[in-house]
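Peer 1: For reference, the structure I am asking about is given below.
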Amino acid sequence: MKKWLSIAVLGLIALYAFTRMQTSGIALTLKNVDTVALKAVDVHVTGTSYQVGELAPGTSKTINIRPVTDSHIELTFAGGGRLKINCYFSRGYRGKIAAGITAARVVSVDDQIKLPP
């Protein structure tokens with residue numbers, strides 16, 4: 001009986017850990033509030049980067065980002081543009097960040113980051 005209980009508890013712990021891994025990360029939504037397309041948009045966080053591609057005027061894209069350590073977000077564009085989104089998160093954090101951007105600046109940020117338990 002004790003062996004069965006131990007196996008059940010270990011199974012529940014493994015299921016919880018797997019579920020946490022699947023739901024971790026930050027859903028980053030970038031909205032182009034400019035009147036021109038933003039080309040070759042890349043998102044950079046500590047340890048990795050993500051290609052977003054082109055954002056036409058008025059459109060948005062959402063990607064899930066997972067930093068490997070403490071991080072903020074930097075965006076790069078075709079032509080050498082670079083923007084920093086003021087936020088902070090680390091590995092295991094969850095939540096959402098929505099940013100309105102132009103080629104020249106970050107217009108708005110809605111940061112709904114949740115600390116890990």
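What follows draws every value from the coordinates through simple rules; no lab data is involved. Quick caveat: nothing in here was measured; it's all calculated off a predicted structure. Reconstructed Cβ throughout: ideal geometry from the backbone, glycine too, with neighbour counts over all protein chains shown.
Peer 1: Sorted by packing (mean other beta-carbon atoms within 10 Å per residue), highest first, where do 92-102, 53-63 land?
Peer 2: With the highest mean Cβ count within 10 Å placed first, the list reads 92-102, 53-63.
Peer 1: Between their Cα atoms, which of Lys31/Lys96; Lys39/Lys84; Lys39/Lys114 are more than 19 Å away from each other?
Peer 2: Details: Lys31/Lys96 14 Å; Lys39/Lys84 17 Å; Lys39/Lys114 31 Å.
The answer is Lys39/Lys114.
Peer 1: Over 5 Å intervals from 0, what percent of Cα-Cα pairs in the stretch 25-114 sits in each interval?
Peer 2: Final binned percentages: 3, 15, 29, 28, 16, 8, 2, 0.
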